[in-house]
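Scroll down for the structure; my scribbles are underneath it.
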Amino acid sequence: MGQTHPPELCGRFHRASELIGRRWTGAIIYVLLRARCRFATLRDAIPQITDRMLSERLQELEQEGIVERIVVPETPIRVEYELTRKGRALTAAMDAIAAWAEKWVPLAPEVSEPPARPAPSRSAGRGRARAARRSRTAPGRSTA
């Protein structure tokens with residue numbers, strides 16, 4: 001019987017999956033595969049992403065040569081983001097993930113908001129405040 005070697009992880013694959021698999025990165029690439037976008041458009045298209053996180057991820061993707069930041073010299077100046085040739089080369093991979101997700105990943109149930117409590121009336125609020133003041137200064141009570 002021959003000696004078997006454990007499977008090895010390809011360093012390039014590992015680096016690529018760590019880059020693309022970072023939180024929000026796949027969503028950013030997915031949106032940019034459909035259209036060149038301004039920052040606010042990207043933010044609005046990706047639920048729950050913060051401005052800070054979007055900015056950080058766009059900078060990382062720009063440093064990797066996946067996204068290009070384009071300054072449109074208009075008044076006011078407009079900044080847009082677009083995938084580079086390297087970024088567009090992810091189309092087949094992103095399409096494969098989308099097809100896999102369609103088949104295997106159920107949609108998360110919508111998180112329902114708790115029912116809104118009615119706001120206390122102004123008179124009720126003043127009554128509680130008055131009662132609290134009276135209880136602190138009621139006769140026979142020590143304020144020390």
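Observations on the structure shown:
- Close Cβ contacts (under 7 Å, 6 or more residues apart or on different chains) running from residues in region 8-31 that are surrounded by 10 or more Cβ atoms within 10 Å (Cβ to Cβ) to residues that are of a type in the set (Gly, Ala, Ser) comprise Ile20/Gly26; Ile29/Gly87; Val31/Ala45.
- Test: Ala96 is closer than 30 Å to Arg12 by Cα, at pLDDT 90 or above and among the hydrophobic types (A, V, I, L, M, F, W, C): yes
- From the options Lys86, Lys103, residue that is among the charged types (D, E, K, R), over 21 Å from the mean Cα position of the chain (by Cα), surrounded by fewer than 11 Cβ atoms within 10 Å (Cβ to Cβ) and not in a loop (DSSP other than H, G, I, E, B): Lys103
- The residues of region 32-59 that are in contact with a Ser or Thr (Cβ under 9 Å, 6 or more places away or on another chain) and either touching a residue at least 40 places away in the same chain (Cβ under 8 Å) or over 20 Å from Leu90 (Cα atoms) (or both), listed by number, are Leu33, Phe39, Arg43.
- Of all residues making up region 45-101, the number that are under 19 Å from Glu18 (Cβ atoms) and of a type in the set (D, E, K, R): 6
The values are calculated or read from the model by the stated rules, or taken from the named source; none is laboratory data. What you are looking at is a predicted structure, and each value in this text was computed from that prediction instead of being measured. With ideal geometry, Cβ positions are generated from the backbone for all residues, glycine too; neighbour counts draw on all protein chains shown.
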